[in-house]
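Enquirer: Here it is, the structure in full.
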Amino acid sequence: MKFFRFASALLGETFRARGFKVTPRFKEIYEKNLFGGTESRSGPGSSLVQTQNIRLELPRLIEDIGITSFLDAPCGDCNWIAELDWRKVSYTGVDVVAELIQGNRFRLEGKNMRFIAGDLCEATLPKADLVFCRDCWVHLPFRQIQACLESFRRSGALYLMATTFPATKLNRELEPKAIWRTLNLQKPPFCFPDPERLLIENCTEDDGLHSDKALGLWRLPNLEFSIR
């Protein structure tokens with residue numbers, strides 16, 4: 001996507017020089033708005049336009065499978081998800097950028113939404129029925145994705161809902177200068193089974209280049225993968 005290519009050019013040399021560290025990387029992205037979002041610092045993909053179908057279908061899915069507690073990991077600035085009604089579901093958002101979490105608390109805790117700061121690859125996460133991990137793993141190298149998944153599993157959650165690109169044929173490692181790439185969670189090294197649900201986002205970014213972008217639902221205790 002255009003804004004990812006722009007951010008990659010700005011950040012690539014910096015991150016390669018100091019090594020990949022989750023907190024400083026995403027803190028810089030947030031502070032400088034390097035994803036280039038005009039509506040949300042989480043990027044154009046978190047706009048109300050790009051999340052229209054998610055906002056319609058996610059509440060239905062939550063009700064269908066009986067979700068009572070929801071862990072949004074990472075939550076970003078909650079631009080779109082704060083539009084949903086959380087009065088009947090316990091919502092917790094977690095993100096590595098402490099300033100962002102403070103802003104969310106100030107704006108949104110009156111909506112029955114609570115927030116904690118933490119690195120998803122290392123933090124002890126609260127237990128929830130569903131871990132919602134949108135637009136996260138595409139920014140991480142495989143080893144950090146593995147650590148993140150292990151952290152999710154340790155939380156005792158029942159389900160994982162994560163971003164996947166079913167049209168991607170080959171998953172590639174995150175290059176030193178890159179800030180993202182598409183991932184198909186049913187291809188190696190993940191080899192996840194068919195998702196129980198697949199929520200197509202109807203992504204129109206980059207003239208529909210990523211129209212296959214979706215959120216897959218899996219039973220979390222059954223998921224694992226390893227990197228040699």
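The values are calculated or read from the model by the stated rules, or taken from the named source; none is laboratory data. Everything numeric in this text was worked out from a predicted model, so none of it was measured. Using ideal geometry, Cβ is built from the backbone for each residue, glycine included, and neighbour counts are taken over all protein chains shown.
Enquirer: Being touching a residue at least 12 places away in the same chain (Cβ under 8 Å) and either among the hydroxyl-bearing types (Ser, Thr, Tyr) or farther than 28 Å from TRP80 by Cα (or both) is the requirement here; does ILE227 meet it?
Expert: Considered against the rule, which asks whether it is touching a residue at least 12 places away in the same chain (Cβ under 8 Å) and either among the hydroxyl-bearing types (Ser, Thr, Tyr) or farther than 28 Å from TRP80 by Cα (or both), ILE227 comes out as yes.
Enquirer: Further question on the same structure: With respect to GLU150, is the statement that it is within 18 Å of the chain's Cα centre (by Cα) and at pLDDT below 95 true? Working first, answer last.
Expert: Details: within 18 Å of the chain's Cα centre (by Cα): yes; at pLDDT below 95: no.
Spelling it out, it is not the case that GLU150 is within 18 Å of the chain's Cα centre (by Cα) and at pLDDT below 95.
Enquirer: Just one of GLU57, GLU109, GLU63, GLU83 is farther than 25 Å from CYS121 by Cβ, surrounded by 15 or more Cβ atoms within 10 Å (Cβ to Cβ) and of a type in the set (D, E, K, R); which is it? Even if it seems obvious, please write down each step before you answer.
Expert: Numbers: GLU109 fails: surrounded by 15 or more Cβ atoms within 10 Å (Cβ to Cβ); GLU63 fails: surrounded by 15 or more Cβ atoms within 10 Å (Cβ to Cβ); GLU83 fails: surrounded by 15 or more Cβ atoms within 10 Å (Cβ to Cβ).
None of the other options fit; the residue is GLU57.
Enquirer: Related question: With respect to LEU185, determine if the residue is in contact with an Asp or Glu (Cβ under 9 Å, 6 or more places away or on another chain), closer than 20 Å to SER151 by Cα and crowded, with 16+ Cβ neighbours inside 10 Å. Spell out how you get there, then give the answer.
Expert: Values: in contact with an Asp or Glu (Cβ under 9 Å, 6 or more places away or on another chain): no; closer than 20 Å to SER151 by Cα: yes; crowded, with 16+ Cβ neighbours inside 10 Å: yes.
When the stated conditions are applied, LEU185 does not pass them.
Enquirer: Restricting to segment 77-93, what's the tally of residues that are closer than 20 Å to PRO44 by Cα and either without any contact (Cβ under 8 Å) to a residue 24 or more places away in the chain or not in a loop (DSSP other than H, G, I, E, B) (or both)? Don't jump to the end; show me each part of the working.
Expert: Taking segment 77-93 as the starting set, the residues that turn out to be closer than 20 Å to PRO44 by Cα are 77-84, 93.
Restricting the remaining residues to those that are either without any contact (Cβ under 8 Å) to a residue 24 or more places away in the chain or not in a loop (DSSP other than H, G, I, E, B) (or both) gives 81-83, 93.
Number satisfying all stated conditions: 4.
Enquirer: A further question on this structure: Would you call THR51 among the β-branched types (Val, Ile, Thr) and surrounded by 21 or more Cβ atoms within 10 Å (Cβ to Cβ)?
Expert: Values: among the β-branched types (Val, Ile, Thr): yes; surrounded by 21 or more Cβ atoms within 10 Å (Cβ to Cβ): yes.
Yes: the conditions hold for THR51.
Enquirer: I need the full set of residues from segment 156-170 which are assigned to a loop (DSSP other than H, G, I, E, B) and either of a type in the set (A, V, I, L, M) or touching a Ser or Thr at 6+ places or on another chain (Cβ under 8 Å) (or both), in order please. Break it down stepwise before answering.
Expert: As a first pass, look at segment 156-170 and keep what is assigned to a loop (DSSP other than H, G, I, E, B): 156-158, 165-170.
Result: ALA157, LEU158, PHE165, ALA167, THR168, LEU170.
Enquirer: For TRP218, indicate whether it is within 23 Å of GLU122 (Cα to Cα), of a type in the set (Phe, Trp, Tyr) and touching a helix residue (DSSP H, G or I) at 6+ places or on another chain (Cβ under 9 Å). Before you say what the answer is, go through the steps one by one.
Expert: Values: within 23 Å of GLU122 (Cα to Cα): yes; of a type in the set (Phe, Trp, Tyr): yes; touching a helix residue (DSSP H, G or I) at 6+ places or on another chain (Cβ under 9 Å): no.
For TRP218, the condition - within 23 Å of GLU122 (Cα to Cα), of a type in the set (Phe, Trp, Tyr) and touching a helix residue (DSSP H, G or I) at 6+ places or on another chain (Cβ under 9 Å) - is not met.
Enquirer: Being surrounded by fewer than 18 Cβ atoms within 10 Å (Cβ to Cβ), under 17 Å from the mean Cα position of the chain (by Cα) and part of a loop (DSSP other than H, G, I, E, B) is the filter here; which residues of segment 188-203 pass it?
Expert: ASN202
Enquirer: I would also like to ask the following. Quick check on segment 117-152: of everything there that is assigned to a strand (DSSP E or B) and in contact with a helix residue (DSSP H, G or I) (Cβ under 7 Å, 6 or more places away or on another chain), which residue is farthest from GLY76 (Cα to Cα)? Let's see the steps before the verdict.
Expert: Kept after step one, since they are assigned to a strand (DSSP E or B), are these residues of segment 117-152: 117, 130-133.
Applying the additional criterion that residues be in contact with a helix residue (DSSP H, G or I) (Cβ under 7 Å, 6 or more places away or on another chain) yields 117, 131.
Details: ALA117: 11, VAL131: 14 Å.
Top of the filtered list is VAL131.
Enquirer: Next question. Could you tell me whether ILE65 is of a type in the set (A, V, I, L, M) and within 15 Å of the chain's Cα centre (by Cα)? Don't jump to the end; show me each part of the working.
Expert: On the way: of a type in the set (A, V, I, L, M): yes; within 15 Å of the chain's Cα centre (by Cα): no.
No.
Enquirer: Filter segment 204-222 down to the residues that are part of a loop (DSSP other than H, G, I, E, B) and modelled with pLDDT under 95, then identify the one that is surrounded by the most Cβ atoms within 10 Å (Cβ to Cβ). Quick ask: steps written out before the conclusion?
Expert: From segment 204-222, those part of a loop (DSSP other than H, G, I, E, B) are 204, 209-213; that's our starting set.
Adding the requirement that they be modelled with pLDDT under 95 leaves 204, 209-210.
On the way: THR204: 15, LEU209: 13, HIS210: 18.
Filtering segment 204-222 for residues that are part of a loop (DSSP other than H, G, I, E, B) and modelled with pLDDT under 95, the one surrounded by the most Cβ atoms within 10 Å (Cβ to Cβ) comes out as HIS210.
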